[in-house]
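Participant: The structure is given below, and queries will be raised subsequently.
What follows draws every value from the coordinates through simple rules; no lab data is involved. Small disclaimer: the values here were computed from a predicted structure and weren't measured. Every residue, glycine as well, gets a Cβ built from its backbone with ideal geometry; the counts of neighbours run over all protein chains shown.
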Amino acid sequence: MKKITSLISAFLVMFAITSSFTSIAKSAEFFTIGTGGPTGVYFQTGNAICKMLHKQAIAKEHGRKKGIDTAYRCTAPSTGGSNYNIGQIKDGEFQFGVAQSDWQYHAVNGSSKWKGKKFGNLRAVFSVHNEPFQIWASKKSKVKDFKGLKGKTVNIGNPGSGQRGTMEELMKAMGVDNSYFKSTTELTSSEQVKALCDGKIDAFGYSVGFPNGAMEQAATCGAKASPINLTGSQVKGLISGADYYAKAVIPKGTYSNQKKDATTFGVKATVVTSATVSDELVYLVTKAVMENFDDFKAQHPAFGFLEKKNMIKDGLSAPLHPGAIKYYKEVGLM
Ligand code: GLU
């Protein structure tokens, strides 16, 4: 009798395990949004998108309002940044990613870093915040402009990050290579602030939305750092030669001790996907953000200026994904 009881309970346990696996498999489809360093704005962007999607799903589960399908669940892990994200989407590892407008352009056109590796299936979903390209230098380094970086220790960014690529484009425009600096480091965006604060580097280059907590830390730590101006004919040449660049200003007072505007050039952060991702999923992600827009904008101060009508065109050089177009047409944005 004892044997029979334990056989029955073993069967029940097996049944419970199997059925819970089947119900997960049937009810949820997981997907990934590639972001950037944990202290950047991309990480917040990816997680805000997931939050809006899950919020719609929960609303439906509770029958409070007409929400989206509950079958999709997303994660937005910290990654190496723009080019890493685009590469992972190309390889089918990520379904979405946040990427700078310059790298969206180069990936879909097979230019710059993407020469010979063109990703023709790259698709745009919408753009988000502005990302001025910033060179932050410690007070002690006395760096005031690009020329001042000569003979200094500079973090040029981790391979795969958007800033690494944009820094290289800027260096090309300035006619210099790594030997212009005393030495270069390849720290990630979350490591570079500590290195600057500890006096291990004189400056770092970073394309990031503002205001940003990590930059405030650079401004207030022992380095008393500030963003330098990136202006002059070479920068003008960069901007006029490409639609994905624009003049950008970080207004004085954005950060503690920042007494002057920092004038530079910048890109847009954009959300991208692949033509192979289903119309349904892209439609649902687009809808979740657009229909919870005030909540989405409240997720980060860098989103304060977002306007739907600009998000569907600014900084987008890859074709819009049909799933996104379906939503934009449905609500009359297009
Ligand atoms: N623009 C950076 C990149 O493409 C990321 C900035 C952020 O994490 O907010 O790698």
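Participant: Working only within the range 296-312, note down all residues that are in contact (Cβ under 8 Å) with a residue 12 or more places away in the chain, more than 16 Å from G46 (Cα to Cα) and out of contact with any helix residue (DSSP H, G or I) (no Cβ under 7 Å at 6 or more places or on another chain).
Facilitator: F305, K309, N310
Participant: Going residue by residue through the range 320-328, is there one that turns out to be assigned to a loop (DSSP other than H, G, I, E, B) and either more than 19 Å from V98 (Cβ to Cβ) or touching a Cys at 6+ places or on another chain (Cβ under 6 Å) (or both)?
Facilitator: To start, the set of residues in the range 320-328 that are assigned to a loop (DSSP other than H, G, I, E, B) comprises 321.
Imposing the further condition that a residue be either more than 19 Å from V98 (Cβ to Cβ) or touching a Cys at 6+ places or on another chain (Cβ under 6 Å) (or both) reduces the set to none.
No, the range 320-328 has no match at all.
Participant: For a quick check of your reading of the model, give me the residue pairs whose first member lies in the range 80-101 and is closer than 17 Å to V41 by Cα, whose second is among the acidic types (D, E) and within 12 Å of the ligand (Cβ to nearest atom), with beta-carbon atoms closer than 7 Å and at least 6 apart or on different chains.
Facilitator: Listed pairs, sorted by first residue: Q100/E131.
Participant: I'm trying to understand the selection: among the residues of the range 234-246, which are more than 16 Å from the ligand (Cβ to nearest atom) and closer than 22 Å to T45 by Cα?
Facilitator: Within the range 234-246, none qualify.
Participant: Restricting attention to the range 247-294, which residues are part of a strand (DSSP E or B), more than 30 Å from E29 (Cα to Cα) and more than 16 Å from the ligand (Cβ to nearest atom)?
Facilitator: Keep residues of the range 247-294 that are part of a strand (DSSP E or B), which gives 247-250, 262-274.
From what's left, more than 30 Å from E29 (Cα to Cα): 247-250, 262-267.
K247, V249, A262, T263, listed by residue number.
Participant: On to the next question. Please go through the range 73-119 and pick out each residue that is buried (at least 22 other Cβ atoms within 10 Å of the Cβ), part of a strand (DSSP E or B) and among the β-branched types (V, I, T).
Facilitator: V98
Participant: Mind listing whichever residues of the range 169-199 are within 26 Å of W114 (Cβ to Cβ), assigned to a loop (DSSP other than H, G, I, E, B) and in contact (Cβ under 8 Å) with a residue 60 or more places away in the chain?
Facilitator: T188
Participant: Cβ-Cβ below 6 Å, separation at least six or inter-chain, first residue in the range 139-168 and within 29 Å of N85 (Cα to Cα) and among the aliphatic types (A, V, I, L, M), second away from the ligand (no atom under 12 Å from the Cβ) and not in a loop (DSSP other than H, G, I, E, B): which pairs?
Facilitator: Going by the 6 Å Cβ cut-off, the qualifying pairs are V154/T184; V154/A203; I156/T184.
Participant: Considering only residues that are near the ligand (Cβ under 9 Å from one of its atoms) and at positive phi, which ones fall in the range 75-118?
Facilitator: Listed by number, the list holds a single entry, G81.
Participant: If you go through the range 148-166 one residue at a time, how many are within 11 Å of the ligand (Cβ to nearest atom) and either crowded, with 24+ Cβ neighbours inside 10 Å or assigned to a helix (DSSP H, G or I) (or both)? Outline the logic, then answer.
Facilitator: Keep residues of the range 148-166 that are within 11 Å of the ligand (Cβ to nearest atom), which gives 157-166.
With either crowded, with 24+ Cβ neighbours inside 10 Å or assigned to a helix (DSSP H, G or I) (or both) added as a condition, the list becomes 157, 161-166.
So the count comes out to 7.
Participant: For A195, which of the numbered conditions (1) under 27 Å from P301 (Cβ atoms); (2) in contact with a Ser or Thr (Cβ under 6 Å, 6 or more places away or on another chain) fails to hold?
Facilitator: (2)
Participant: In the range 204-229, what residues are at negative phi and more than 22 Å from the chain's Cα centre (by Cα)?
Facilitator: First, pick out the residues of the range 204-229 that are at negative phi: 204-223, 225-229.
Within the range 204-229, A219, T220, C221, G222, A223, A225, S226, I228, N229 qualify.
Participant: Is the range 316-330 home to any residue that is within 16 Å of the ligand (Cβ to nearest atom) and among the charged types (D, E, K, R)?
Facilitator: For the range 316-330, residues within 16 Å of the ligand (Cβ to nearest atom) and among the charged types (D, E, K, R): absent.
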